[in-house]
Amino acid sequence: MQQFTDHNVSRKKHAGAKAGSDLLSPNLNTDLRKAIRPAPAFRRTFKNLAFRMAPATRPESAQPGSTPAITGPHPSYIQVAKPYLFQQQLQGQLVAIGANPTREDTFRLQGVQWINDVRVALQLPVRTFCTACVYYHKFRLVHKDVEYGFQDAAAAALLTACKIEDTLKKSREILCAAHNLRVGVTEHLSPDDNAFEVSSKSVIGLERLMLEASGFDFRVRFPHKHLIKLTKEAKIDKDVGTVAYNIMLDLYRTFAPLKQSCAAMSFACVELATLLQEKQQENIRGKAAPKYRRWHTTRAQIMETILDLLEHYTHFQKSSIVGPAYPIDKFINIRIRINQEIDEKSSLNRFTEHHEAPKTNGVKSNIKTPKTPITPASPSDLRTNGKDIASPATLSPRSSGSGRRGTGGRGTDGTVRFMLDAEKAKQEKETVAEYFKVELEEYEVEVEEPIKNDRIDRRAPTDWNNGRDDRFQYKKLPGSSGTYTSLDNFNTSAAGFCMHLTLLFCIFRYGLSYITFNYYSRWALFSYRTAFISAAATYGIVVYKAFRARSRAGSKPAGGALSLAADENVQYLAMALVWLFAPQYPLAMLPFGVYSIFHVATYTRTNLIPTLQPPQQIAPAAGASPGAKPTFKANPTADTIGKFVKEYYDASMGLVAILEILLWGRLLLSAITFSRGSWILIAVYTAFLRARFAQSSFVQGQFKQLEARIDSLVGAQSTPPAARQVWEGVKNGARTFHDATDVGHYVNGAPAQKKAS
């Protein structure tokens, strides 16, 4: 039976082969058919094998009519490309990356101007300019401007646009054209020069991030074609059309190309050109004018685009093509007329679509704000309503592909997939969401609990702030043991409070002498030395308490002397002693003074006020349990001090970081002038500042801001190349010093003790 079955199968195979051979063209040579047909000996061998072999069995999942086994959702994150953005989305993304409005406008205009200048030098078409500007704007909405130079981003955008629009240019050619525009003819370089080696690699690296920021969406709009068609249909004169064409180029200096369609931008440019030229306004707004519905646009979109242009011309008149050709009063009058039209019609608004976020208990939801690190070890990410989230804005050009990514958002452990079809992405997300549904069943269980009669000490209440004791919510400061409530620490805490108060008084007294130019008088010298004696005493108390706590616990600090030197309190104690015996540097007292202000405020709130003004107990409500914990009325003075500490803590720590950096600059000036002991001081203080940089995120943030500001100044067109080379050398030297002085390599792998300072 088996042989018969296999024989039938074999016959069917031969029949199929014969049928297939009949389908061949009759013009083919018969020798070709003989070559395809196997030899007789091989046919007999194959036939014998066919009789002996059993038919292959199909796997269960491959049986006809069976459904394939479900293996679970695809571990990936879908990012849908957004061809259009609303103004509310643009503002939200700028807030999410912590963009400074002034810096944002400056970098946006400088970047577009850089693209336009290089585009003209390389004789690239306008469509390449449009594509480059769109990619530049999208990139800056995702990445922070302090982590890259606008020239590099503009060059990467132009390089990407050249590839998309098939106007191929190498990165070296783009950088060479930009360099030749800044220097004279005698200093021109060729694209093969080694000076562009580093910059070329940086631009190529940013190209990938440029594509990621756009969602790999190559659909770019070219409104200039629509502008020409509209001018022909509306019978606009050539001079008005030329002005409208230049206005369209200026439009790419704003975010309007990300928000509006080609038709809306074309109508806006033509209408603004007629208002500037003061003629043919009926051709674009009259009865015989082109209809908005036929061009698939609305009056609201056109008005929004016109106002975007007028805001640009009134605020940045010189940074445009059309702006310098007209007086600013003309733009202001046109803007007033447009605003009056919006006020008269209720259907028109400044922005086409603007919706307020839903409010929950008086708090707006889904509002992204820049995150201020709570501790030096905290990352500088984003928060939504005070909670940490993962966002594309956190992927900086330097860190987008490094480190372990977070879970639950953009940058998960799976694959990031970019899709253009939003509906398909929505369906896939709904399918995947089925695997993550959590069904909970609630049920009640009665449990008998004995009532404990806790002893309540009403003489020394610890819960006097509406039933809560939030004294432990504040961050630790340098020179703080972290608590003032222990009876063992009361004496040392009171002594520390007196030292901090003495320090503040000495700074105030020395300040009076400094203002009156008597900083070498007896009182000034006494106040200066006493201030640092107080500072050394406060930090000495804290270091002693920490050492005694370790001794009682029987533990020894890991890493020996290096680990002890990595302690922040030990560092400030050493610097207080250094300033005590060093020549006068009044700037050195201010960081200690800022810390003392918060110590005095915290001690006053937690110890002095409850002692001088004992909290009043609130009468329990009717029907309350007799064993309930008593509540006490909050003290308004203590609440005011607590709000002050919470509100100004981050700002004060940033101020301390700025003062410490300025103090290093002051020491550098003294070293340059070879003042007495200045070189020893700057060596010691450099080691201290290096340790602060490793432990304090506030110091790191101030250094980053300083680097970004100098980058923007050096990156200006008027800056000579020698200054840029000097600045690059300084940055490279600083990075080399940072890597060579990493203490973490020498403390047996143990991280330094970090505190929020």
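The values are calculated or read from the model by the stated rules, or taken from the named source; none is laboratory data. This structure is a prediction, so every number in the text was calculated from the model and none was measured. As a convention, Cβ positions derive from the backbone with ideal geometry for all residues, glycine included, and neighbour counts pool all protein chains shown. Heavy atoms of the whole protein, side chains included, go into the accessibility calculation; ligands, DNA and RNA do not. Shrake-Rupley method; radii C 1.70, N 1.55, O 1.52, S 1.80 Å.
Taking all protein chains as they are arranged and a probe of 1.4 Å, the heavy atoms of residue 187 leave approximately 100 Å² accessible to solvent. Extension gain, residue 580-residue 664: 0.36 nm per intervening residue step, less the Cα-Cα distance, totals 28.5 nm. Residues whose amide H falls under 5 Å from that of residue 80, counting only those 5 or more places apart or on a different chain, are 419, with hydrogens built in the peptide plane. Of the whole protein surface, residue 599 contributes about 10 Å² of accessible area at a 1.4 Å probe radius.
Using θ = phi - 60° in the Karplus curve 6.51 cos²θ - 1.76 cosθ + 1.60, the 3J(HN,Hα) couplings for the stretch 425-432 round to 5, 5, 4, 5, 5, 5, 5, 5 Hz; x is entered for Gly and Pro. Between residue 673 and residue 498, the FRET efficiency estimated from the beta carbon spacing at R0 = 51 angstrom works out to 0.85. Across all C-alpha atoms in the stretch 117-207, the radius of gyration and Dmax reach 12.8, 40 Å. Residues 318, 229, 235, sorted by accessible area with the largest first, give 318, 235, 229 [1.4 Å probe; ligands and nucleic acids excluded]. Database remark: amide H of residue 85 closer than 5 angstrom to the amide H of 259 (H placed geometrically; neighbours at sequence offset of 5 or more, or on other chains; Pro and chain starts carry no H). The residue 235 and residue 442 beta-carbon pair, evaluated with R₀ = 60 Å, returns a calculated FRET efficiency of approximately 0.25. Taking all protein chains together and rolling a 1.4 Å probe, residue 680 ends up with roughly 130 Å² accessible. Here the stretch 171-323 is described by how far its Cα atoms reach on the three principal axes: 62, 38, 28 Å, from widest to narrowest. Each residue of the stretch 301-310 is assigned a 3J(HN,Hα), and the resulting list reads 5, 5, 5, 4, 5, 4, 5, 4, 5, 5 Hz, derived from the Karplus form 6.51 cos²θ - 1.76 cosθ + 1.60 (θ = phi - 60°), x at Gly and Pro. Ordered by 1.4 Å accessible area with all protein chains kept, 498, 262 run largest first as 498, 262. Pairs from the table (235/345; 259/318; 259/291) lying more than 26 angstrom apart at Cα are 235/345.
Of the Cα atoms belonging to the stretch 194-280, the radius of gyration and Dmax stand at 17.8, 55 Å. Convex hull of alpha carbon positions in the stretch 500-542: directionally averaged projected area 2.5 nm². Dividing the Cα radius of gyration of the stretch 71-178 by 2.2 N^0.38 Å, with N the residue count, gives 1.21. Applying the Karplus relation 6.51 cos²θ - 1.76 cosθ + 1.60 with θ = phi - 60° to the stretch 96-106 yields 3J(HN,Hα) values of 5, 8, x, 6, 7, x, 5, 5, 5, 5, 5 Hz, where x marks Gly and Pro.
Taking amide H as placed 1.01 Å from N in the peptide plane, residue 416 has its amide H under 5 Å from the amide H of 77, each at least 5 places away in sequence or on another chain. Computed on protein heavy atoms with a 1.4 Å probe, the accessible areas place 292, 443, 77, 510 in the order 443, 77, 292, 510, largest first.
At 1.4 Å probe radius, can you tell me the per residue accessible area of the stretch 235-352 in Å²? Each residue of the stretch 235-352 exposes 46 Å² on average to a 1.4 Å probe. Highest mean packing comes first when the peptides 500-508, 427-435, 566-574, 659-667 are listed by Cβ atoms within 10 Å, giving 566-574, 500-508, 659-667, 427-435.
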